[in-house]
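J.: One structure is given below, represented as structure tokens, and several questions about it will come after.
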Amino acid sequence: MAAAVSSPLTTHVLNTGDGIPASKMAVTLHRLDSELKIWNMLGVGTTNEDGRCSGLISQEAFTSGMYKLRFETGSYWESRGQTSFFPYVEVVFIITDPGQRFHLPLLMSRFSYSTYRGS
């Protein structure tokens, strides 16, 4: 049996306010068209029970450029019966070496968030 091809870009969302993974959150991946200056959607996903989302883009489609991950945080908090200051979070980043693996976690509460490049 062949091994599954891993995605070059993954993310993980943690609800730090409650100390749990943020499951069932919608996530979209976009790449900037540098000529037209518009964002093109490349992939759509939902975080799993562990708060992880992979498979947003294939290695073949992953090229150098400016990308953004959009996390639908407002809908997530609404599903938990809570409000949030941020209706969504967009993390914009630049890929110069698409041969590498990239992991972009989002740590969030209802009133704050942070992110970093993980491995």
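J.: Suppose accessible area is computed on protein heavy atoms with a 1.4 Å probe; arrange 117, 80, 31 from highest to lowest. It would help to have the intermediate numbers written out before the result.
T.: Values: 117 130, 80 100, 31 55 Å².
Per-residue accessible area, sorted high to low, gives 117, 80, 31.
J.: Pairs of Cα atoms under 8 Å, at least six residues apart: use those to get the relative contact order of region 52-119, whole percent.
T.: Numbers: 85 pairs, mean separation 19.7, N = 68.
Relative CO of region 52-119 lands at 29 percent.
J.: Near residue 10, within a Cβ-to-Cβ distance under 9 Å, what is the net charge of the other residues, with Lys and Arg +1 and Asp and Glu -1? Intermediate results must be reported in sequence, preceding the final value.
T.: On the way: positive: 52, 101; negative: none.
Surrounding charge for residue 10 is +2.
J.: Which is farthest toward the positive dipole end of the chain among 108, 39, 94, measuring Cα position about the Cα centre, with Cβ charges +1 (Lys, Arg) and -1 (Asp, Glu)?
T.: So the residue furthest toward the plus end is 108.
J.: Same structure again: I'd like the accessible area for residue 36: 1.4 Å probe, protein heavy atoms, all chains in place, Å² to the nearest 10.
T.: 120 Å²
J.: Assign unit charges at the C-beta atoms only (+1 for Lys and Arg, -1 for Asp and Glu), then state the dipole size of the chain relative to its Cα centre in Debye, rounded to the nearest 20. Working shown, then result.
T.: Working: 10 positive and 10 negative charges, 27 e Å.
Dipole magnitude for the chain comes out near 140 debye.
J.: Also, I was wondering about something else. Loop only per DSSP, at most 12 neighbouring Cβ atoms within 10 Å: give me the chymotrypsin sites (Phe, Trp or Tyr not before Pro) in region 62-119, ordered by residue number. If you can, show how the numbers build up before the last one.
T.: On the way: sites: 62, 67, 71, 76, 77, 85, 88, 93, 102, 111, 113, 116; in loops: 62, 85, 88, 111, 116.
Listed in order of number, the matching sites are 85, 111, 116.
J.: Find, among the GluC sites (Glu not before Pro) in region 49-119, those assigned to loop by DSSP (not H, G, I, E, B) with at most 14 other beta-carbon atoms within 10 angstrom.
T.: Here the sparse-neighbourhood loop sites are 49, 60.
J.: Which net charge results when you count Lys and Arg as +1 and Asp and Glu as -1 among the other residues whose beta-carbon is under 12 Å from that of residue 118?
T.: Values: positive: 52, 101, 117; negative: none.
Around residue 118, the surrounding residues sum to +3.
J.: Determine the shape class of region 26-119: with a ≥ b ≥ c the square roots of the Cα gyration tensor eigenvalues, call it rounded for a/c under 1.5, and otherwise prolate if a/b is greater than b/c, oblate otherwise. Please report the intermediate quantities before stating the final value.
T.: On the way: a/c = 2.00, a/b = 1.67, b/c = 1.19.
Prolate, because a/c is 1.5 or more and a/b exceeds b/c.
J.: Let a ≥ b ≥ c be the square roots of the eigenvalues of the Cα gyration tensor of region 33-74; is it rounded (a/c under 1.5), or, if not, prolate (a/b larger than b/c) or oblate? Mind dumping the intermediate values first?
T.: Details: a/c = 3.23, a/b = 1.61, b/c = 2.01.
Oblate, because a/c is 1.5 or more while a/b does not exceed b/c.
J.: Roughly how many Å² of residue 68 are accessible to a 1.4 Å probe, to the nearest 10?
T.: Estimated to the nearest 10 Å², residue 68 gives 20 Å².
J.: Between rounded, prolate and oblate, where does region 67-119 land on the alpha carbon gyration tensor, with a ≥ b ≥ c its root eigenvalues, rounded for a/c under 1.5, else prolate if a/b exceeds b/c?
T.: It comes out prolate by the Cα gyration axes.
The values are calculated or read from the model by the stated rules, or taken from the named source; none is laboratory data. Since this is a predicted model, take the numbers as computed values, not measurements. Neighbour counts are summed over all protein chains in view; Cβ atoms, including those assigned to glycine, are modelled from backbone coordinates with ideal geometry. Surface accessibility is based on the protein's heavy atoms, side chains included, excluding ligands, DNA and RNA. Shrake-Rupley method; radii C 1.70, N 1.55, O 1.52, S 1.80 Å.
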